[in-house]
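Asker: This is the structure, below, for whatever I ask next.
No value in this document is a laboratory result; all are computed from the given coordinates. Note that the structure is predicted; figures quoted are calculated from it, not measured. Heads up, the Cβs are rebuilt from the backbone with ideal geometry, glycines too, and the neighbour counts pull from every protein chain shown.
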Ligand SMILES: Nc1nc2c(c(=O)[nH]1)N[C@H]1C(S)=C(S)[C@@H](COP(=O)(O)OP(=O)(O)OC[C@H]3O[C@@H](n4cnc5c(=O)[nH]c(N)nc54)[C@H](O)[C@@H]3O)O[C@H]1N2
Ligand SMILES: Nc1nc2c(c(=O)[nH]1)N[C@H]1C(S)=C(S)[C@@H](COP(=O)(O)OP(=O)(O)OC[C@H]3O[C@@H](n4cnc5c(=O)[nH]c(N)nc54)[C@H](O)[C@@H]3O)O[C@H]1N2
Ligand SMILES: [Mo]
């Protein structure tokens, strides 16, 4: 019998090892009270935060943020509503034409065909038989299982990792590399600084609060996008943002926002708005660089000691190479729309104050998106404050609470948030999150087969089977895909150029979708499999900050016939062999897996001298909390490199910041050369296309959704205009078109057309319009290519063209025209489940 452990015995002095955090049972946040609870108190977690579950009549009716959540997000409140949304998938369904004719069905019927309810047994048979046919006739790489997307948190029920594991065990598949978030930045920055700058740890906030004099939000909306995290957020970052704001009052800390939009962060900090035309930031930075150089204001010492290749870049900057044009502030002003005198003022200010440049990711989600981050690092180098307290740059303050001091994962919290943001090909490999299973796969499966494509090239791959393409210095061949299996992502939201995509998708014999809701993606599937939501199953996860491990306890029964992703995959493998089932489950039940993840952390913690509660104690309490060591509050990005660039050389060939990269120059790419450059994007306000489509649309991340998630709840009411996704338009642009605030408008270009609700505002600059990503695609004529999307899916309008041969990344901007919508307003149909035969 285990004696109930004294809480204090969890507490342990760090024993002189500063980096080791402790488990602190006393500092544990209590949870708020539920209004109603008819069962044992539950706790669960999400990308929006951890919460306590309020249950009544066996229904999950309330999500109460944990007290440990410093600034709970509104999105948490909508979790019960989404559980019982009208568009939840109740039963496995098959498209009528597919049920009759299988893989020989008429694929142009996808989107318009009826669905038929089938039993789970029939659904499993259909999936397994089709996989077997494809393996036999076409080989493993004909099945696409990349399945990108923001599935719910949970170390066990990670559908993407589980799908990879199932397909790996069954016979292999084609997966993906990169993410829609960081496609260009994560490909280019390792060449420049030796690190993927999208995930590199930035200088922590306490250091900024003490030292920084000027903060630049450069296409970064910290106040909005920190609401969510890839793991579970505790929103501690908002406390630091508040301190920064207070600091500004005390000692004149200055804030700039460089953005076409006066975004949430600009407003919060009352920042000075520099209106830059979309996708022209590189020109703006070049203008600053030219001024710093010609006025002799830049740090020669830094350039000399810590960078290479300034000479090659300088020739370009001064107009002595490439286009032979000097990149003066006046040159830049014509492109980016910022007055030359302001460009000079900014450059002078940044170099004379302790300045932190905070870059976001929208600038790299554009044609030639490799350039902005390279140029930002070049500019920061010229400013010369990299590695100093509060100066330099970072490209991820806007994301997942980065910049908040946190306990190192070495303290025992080994649970992983990995996989969808997999860094290398290898880490996209099958494996339950939190544990590597590769080494455990014995038998015939150890030759697990997996190919990859860059994630955003999926449509190009479908259109060009067998074709060669360039990526990151090498040439590859697109596989000939026959089947795609999606679990935990929403490609008919996240991918660009919807109409082209619908046509390309017809190339697939079979499309399987596993989701909880009738998303636009599910409605394009041949086989639809309903999954549980997190509050309907048991799991375990950690906070993004490493400060917590959370128990995720089932609050209500699975809705309809929904099954856990894990069980769906086991049942498919049962159609293969018992050995394969065992390779997948390793003989463990789901709860045994959950326990094993906890125990792995427990063992690791013990090694570093931290005693965690036993699994049973943890499960009862609902969480473990690790304290942040003082040392973590002092972290300065690249401090070591600055102090000693020889010992702490960067992971680049030269060991320094590469303003010129011999490697990249050697690839001889048209769209990415040896140093950062201004390339004209395919569509921008200065291009020919702008004559016909004169407004530059940008598509940032939504305030009241996680991409498309939660759009099927009352959160829509907080923003929508006449039931349509809002589109922000400047007063002058609206006037020219006779558009008033609150009008329904039609937004169109050569790729397609959508309806939106006009928000006429000065918060967006003239010439630009803004529509958030993630509104559900709702074609007036379902399945029809070119049909008007009546709800406002921005990806009907965006182009699907890679950033360049280097990163092959996705874009999020486009040129469009807008007119007032006349005629009868079409109804929104996407949030009701389709009519299903057999019910
Ligand atoms: N125009 C434009 N497009 C963009 C962007 C942009 O800025 N502009 N941003 C891009 C970026 S950065 C991203 S990350 C992508 C996001 O694209 P996605 O991650 O694909 O979008 P989500 O809406 O989060 O889709 C997640 C889906 O997983 C389902 N799901 C959740 N939990 C589970 C589960 O446990 N099991 C199963 N089987 N399913 C589950 C949800 O119901 C939902 O349908 O969009 C990209 N697209
Ligand atoms: N609430 C909420 N938070 C989220 C998400 C969500 O869906 N909802 N998604 C999460 C995910 S997956 C990701 S990848 C991150 C995304 O993080 P980001 O990619 O950084 O976020 P975005 O909202 O796309 O863009 C940030 C800012 O860039 C501006 N911008 C757009 N184009 C340009 C340009 O050409 N130049 C300049 N200077 N600025 C420009 C936008 O107006 C916006 O203010 O956010 C994460 N956080
Ligand atoms: Mo993302």
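Asker: For 250, 327, what's the fewest-to-most ordering of other Cβ within 10 Å of each Cβ?
Answerer: Least to most surrounded, the residues fall as 250, 327.
Asker: Next question. Within 10 Å of each residue's Cβ, count the other Cβ atoms and sort 760, 744 from fewest upward. Could the numbers behind the result be given before it?
Answerer: Values: 760 19, 744 22.
So the ranking, lowest neighbour count to highest, is 760, 744.
Asker: Hey, fewest Cβ within 10 Å first, where do 209, 818 land in order?
Answerer: Numbers: 209 15, 818 24.
Ordered from fewest to most neighbouring Cβ atoms within 10 Å, 209, 818 come out as 209, 818.
Asker: Kindly work out what percent of the DSSP beta bridges joining two residues of the chain are antiparallel, to the nearest 5. Mind dumping the intermediate values first?
Answerer: Details: 50 of 98 bridges.
Antiparallel bridges: around 50 percent, rounded to the nearest 5.
Asker: Give the span of the chain's Cα atoms along each principal axis, as three whole-Å numbers ordered largest to smallest.
Answerer: Over the chain, Cα extents along the principal axes are 73, 70, 53 Å.
Asker: Okay, moving on. Below 8 Å, C-alpha to C-alpha, sequence gap of six or more: please give me the relative contact order for the chain in percent.
Answerer: Computed over the chain, the figure is 21 percent.
Asker: Using a 7 Å offset from the Cα along the Cα-to-Cβ direction at both residue 122 and residue 59, what is the distance between the two label points in nm, to one decimal?
Answerer: Placing both labels 7 Å along Cα→Cβ, they lie 3.0 nm apart.
Asker: If you don't mind, another one. Simple spin-label model, 7 Å along Cα-to-Cβ: residue 688 to residue 270 in nm?
Answerer: Each label point lies 7 Å from its Cα, and together they span 4.9 nm.
Asker: Continuing with this model, one more query. Sorted by mean Cβ packing within 10 Å, highest first, what order do the peptides 695-702, 805-812 take?
Answerer: Details: 695-702: 24.1, 805-812: 25.6.
The packing order, highest mean first, is 805-812, 695-702.
Asker: Taking just the alpha-carbon atoms of region 227-270, what radius of gyration and Dmax come out, in angstrom?
Answerer: Cα only, region 227-270: 12.4, 35 Å (Rg, Dmax).
Asker: For region 176-248, what is the Kirkwood hydrodynamic radius in Å, using each pair of distinct C-alpha atoms?
Answerer: Working: mean 1/r = 0.0694 Å⁻¹.
One decimal place: 14.4 Å for the Kirkwood radius.
Asker: Taking only the alpha carbons of region 588-674, what extent do you get along each of the three principal axes, in Å, biggest first?
Answerer: Cα extents, longest axis first: 58, 35, 20 Å.
Asker: Compute the whole-percent fraction of alpha carbon pairs in region 637-796 spaced more than 28 Å apart.
Answerer: The proportion of pairs with Cα distances above 28 Å equals 43 percent.
Asker: Strictly greater than 22 Å: what percent of every Cα pair in region 717-839 meets that? Can you show the working numbers first?
Answerer: Numbers: 2819 of 7503 pairs.
Looking at region 717-839, the distances longer than 22 Å represent 38 percent of pairs.
Asker: Taking R0 as 25 Å, what's the FRET efficiency between residue 667 and residue 305 from their Cβ-Cβ distance, rounded to 0.05?
Answerer: Efficiency, rounded to the nearest 0.05: 0.35.
Asker: I want to check the label-to-label distance for residue 242 and residue 321. Put each point 7 Å from Cα in the C-beta direction and report it in nm to one decimal.
Answerer: 5.1 nm
Asker: Moving on to the next point. Packing-wise, with mean Cβ within 10 Å as the measure, how do 484-496, 762-774 rank, highest first?
Answerer: 484-496, 762-774
Asker: Could you work out the relative contact order of region 83-207? I mean the mean sequence separation of Cα pairs under 8 Å and 6+ apart, divided by the number of residues, in percent.
Answerer: Computed value for region 83-207: 16 percent relative contact order.
Asker: Moving to a separate point now. Over region 583-713, what is the relative contact order in whole percent, taking alpha-carbon pairs under 8 Å and six or more residues apart?
Answerer: RCO, region 583-713: 7 percent.
Asker: Here's a follow-up. For region 313-381, what is the per residue volume of the convex hull drawn over the alpha-carbon atoms, in cubic angstrom? Show your work: numbers first, answer last.
Answerer: Working: hull volume 7.4 nm³, N = 69.
Measuring per residue, one finds 107 Å³ for the Cα hull of region 313-381.
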